[in-house]
Structures are given as C-alpha cells and as structure tokens.
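Novice: Submitted below is the structure of interest, expressed as structure tokens.
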Amino acid sequence: MKVAGFSFIRNAVKYGYPITEALSSILDLCEVIYVAVGESDDDTLEIVKSLNPQKIKVINTVWDSTLIEGGKVLADETNKALKSIPKEYDWCIYIQGDEVLHEKDHQNIRNAMETYMGDEEVDGLLFDYLHFYGSFDYVARATDWYRREIRVIKNNRNIYSYRDAQGFRKENNEKLKVKKCHATVYHYGWVRPPQTMLDKIEAFHQLYGIDREIPQSHEGFDYGNVNLLQRFTQTHPKYIQSRIDDKNWNFEQDISINKLSIIEKMRLYIEEKTGYIPGEYRNYRLLK
C-alpha cells in the first residue's frame, strides 16, 4: 500500500496557520506529501521547504484572482496538489493548513486504508471533526459546524476538490461513497491571537467576495460572539503542543452561555439523543 499526502497554503505566518503542525501530523502516514504553496508575503515557502525535504514536494503556485466566488480558488489550489500525485499511489491523505491529526488515530487510519484498498465501491474515508474556538481550551458546540468530512481518498483521477475545498466530488458532480474512519481532525481555524484572527477573516472576506461586518473588540476579533462552547478536557495532538505552550493571548468563556435559537436547540437535542441531525448537509454517501 502506497500513500501520498497533499495540501495547499499561502501566508501561513501572516495569518497564523499551523502548517508545520498540519504537515507533521501526516508525515508518518505518507511516503510523500505534495504541497501547493501560493505566492506569499512571508516565509511560508521557506518553512514548508525546510520541514522535510526528502518527503515534501513543493509546487509553487499563483492564486487565480478570478476564482473569488464561493472560495473556488481554494479548491483550485487543492487540485493542483492532488493532480501532482503519481498514479502509483493507492491512497491520498488531505490536510488543510489549520487541521492536525492526532497520533493516537494513525493506526486506525492505516487499518482503514488497508481494509478498503481493494473495495472498488469505497472512494474515501470519513473523519470526525473537533472545531476549536477562541483558544485551545474550547470546542464549538452547535450543529452548524460541520461534524464530518472526507480526508482520505482513493487515487482516482475522477475525484476533485469541491466548491471551497471542504470536501470532494467525482465527475458529473457525484458524491463520493465513503466509509467511516475512527479518527478525528483537530481544526484550529478559529484559534489565533485576536488581531491575527481579524486579519485572517478580513482576507477571507476578500477571497470570498463577502461584504459583511466582522465582530471586533479593542484587541481585534471579538471571540465572544459565539453561540455555544464546551471545554476541551482531552489531549491535543503532540504536533500542536509547542504552539499551545507559546499561546500569548487570553480567552475565557462562560460555557453556560447559550445563544442558540429554539430550532438549533432542538437539532442539538436530537443529535445528542440519536446521533442524527435533521437537515444536516452531507457532501458524501456514507456506506454501511
């Protein structure tokens, strides 16, 4: 079984992306990782190149400014990395610049890839998500945060990154058939110093063509504008630990605060009781 990784990144330092941690978290699972590194205003290229020159292959890119609508440029960059993977590889592991895998899940991921490698019906593997918010101590708890997504796919030339690179589709806009993988993506996209977070959101609004007011405080982004959080009491991936140790901002939230609408509270209650979320968006077909 041969496994390749792929990712994309731009301005990782400027906007606080833990790209070193993200790539490090899949290094042991892959024989090679292809990274599309967009033209940046910081040392992103040098950081990616220096991480593991034997395994990491850099693709220098320029983001297409015409693909603003809906964040299509993110899928375009993902596809540049994906299409660089040679046909000899069986599986492709995708990681974004603010996502990290936990080392405790590595064996489960390997086992799943080995189990389904010869199953032609299976296109990919589905991962659970933890969305950290404000700091490394809180997880967002509401059903409008996507709880699962595809992060391992077969090396099939018909598979491509979909919309804003959250997931994947096949030719003719067909959803991928996937099996559940007992592994979790630790998503740190909403964990940055307040000013860095504000800068990142402003850049993304430009990227998506969004004209919307951003909640702000005197420090930068206003993290208090959130519906519901819960404390995280488990372990983080070892790859992110040094960033946690270096955290230089404070965020505290009263977890009893609940700003959910009545409909959202009902959806959350149903999820807690049954595991099912009414109206949940699923960019995949989950096989039993």
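Novice: Got a number for residues in region 253-281 being assigned to a loop (DSSP other than H, G, I, E, B) and surrounded by fewer than 15 Cβ atoms within 10 Å (Cβ to Cβ)? Full working, then the answer.
Specialist: The initial filter retains those residues of region 253-281 that are assigned to a loop (DSSP other than H, G, I, E, B), namely 253-261, 275-281.
After this cut, where a residue has to be surrounded by fewer than 15 Cβ atoms within 10 Å (Cβ to Cβ) as well, the list is 254-259, 261, 275-276, 278-281.
So the count comes out to 13.
Novice: Sticking with this structure for a sec: Could you count how many residues in region 41-66 are more than 20 Å from the chain's Cα centre (by Cα), assigned to a loop (DSSP other than H, G, I, E, B) and either within 17 Å of G5 (Cβ to Cβ) or not β-branched (V, I, T) (or both)?
Specialist: Total meeting the criteria: 9.
Novice: Which members of region 150-173 meet the condition of being in a strand (DSSP E or B) and in contact with an Asp or Glu (Cβ under 9 Å, 6 or more places away or on another chain)? Spell out the reasoning first.
Specialist: The initial filter retains those residues of region 150-173 that are in a strand (DSSP E or B), namely 150-154, 159-162, 167-170.
Correct list: I150, R151, I153, K154, I159, Y160, S161, G167, F168, K170.
Novice: Please state which of the following conditions K57 fails to meet, knowing it meets all the rest: (1) touching a residue at least 40 places away in the same chain (Cβ under 8 Å); (2) within 30 Å of D119 (Cβ to Cβ); (3) touching a strand residue (DSSP E or B) at 6+ places or on another chain (Cβ under 9 Å).
Specialist: It fails just one condition, (1).
Novice: Assuming N250 fulfils every condition listed in (1) modelled with pLDDT of 90 or more; (2) closer than 16 Å to F132 by Cβ; (3) surrounded by fewer than 17 Cβ atoms within 10 Å (Cβ to Cβ) apart from one, which condition is it?
Specialist: (1)
Novice: Residue under question is L125, and the condition is that it be in contact (Cβ under 8 Å) with a residue 60 or more places away in the chain and either in a strand (DSSP E or B) or in contact with a Leu (Cβ under 7 Å, 6 or more places away or on another chain) (or both); does it hold?
Specialist: Answer is no for this residue.
Novice: Of the residues I153, I201, which single one is surrounded by 15 or more Cβ atoms within 10 Å (Cβ to Cβ) and in contact with a Cys (Cβ under 9 Å, 6 or more places away or on another chain)?
Specialist: Exactly one of I153, I201 is surrounded by 15 or more Cβ atoms within 10 Å (Cβ to Cβ) and in contact with a Cys (Cβ under 9 Å, 6 or more places away or on another chain), namely I153.
Novice: Here's another thing I want to ask about it. Would you check which residues across region 216-247 are surrounded by 13 or more Cβ atoms within 10 Å (Cβ to Cβ), part of a loop (DSSP other than H, G, I, E, B) and not hydroxyl-bearing (S, T, Y) and list them?
Specialist: Of everything in region 216-247, those that are surrounded by 13 or more Cβ atoms within 10 Å (Cβ to Cβ), part of a loop (DSSP other than H, G, I, E, B) and not hydroxyl-bearing (S, T, Y) turn out to be E219, D222, G224, V226, N227, L228, F232, H236, P237, K247.
Novice: Residue check, R212 against (1) over 21 Å from the mean Cα position of the chain (by Cα); (2) modelled with pLDDT of 90 or more; (3) part of a loop (DSSP other than H, G, I, E, B), all met but one. Which one?
Specialist: Of (1) over 21 Å from the mean Cα position of the chain (by Cα); (2) modelled with pLDDT of 90 or more; (3) part of a loop (DSSP other than H, G, I, E, B), only one is false for R212: (2).
Novice: Looking at region 34-52, is at least one residue surrounded by fewer than 18 Cβ atoms within 10 Å (Cβ to Cβ), in contact with a helix residue (DSSP H, G or I) (Cβ under 8 Å, 6 or more places away or on another chain), closer than 22 Å to I109 by Cα and modelled with pLDDT of 95 or more?
Specialist: So far as region 34-52 goes, yes, one or more of its residues are surrounded by fewer than 18 Cβ atoms within 10 Å (Cβ to Cβ), in contact with a helix residue (DSSP H, G or I) (Cβ under 8 Å, 6 or more places away or on another chain), closer than 22 Å to I109 by Cα and modelled with pLDDT of 95 or more.
Novice: Take the residues in region 226-270 that are touching a Pro at 6+ places or on another chain (Cβ under 9 Å) and in contact (Cβ under 8 Å) with a residue 40 or more places away in the chain, then tell me which one is farthest from G189 (Cα to Cα).
Specialist: The residue in question is R267.
The values are calculated or read from the model by the stated rules, or taken from the named source; none is laboratory data. Being a predicted model, the structure only gives us computed values, none of them experimental. Every residue, glycine among them, receives a Cβ derived from its backbone with ideal geometry; neighbour counts consider all protein chains shown.
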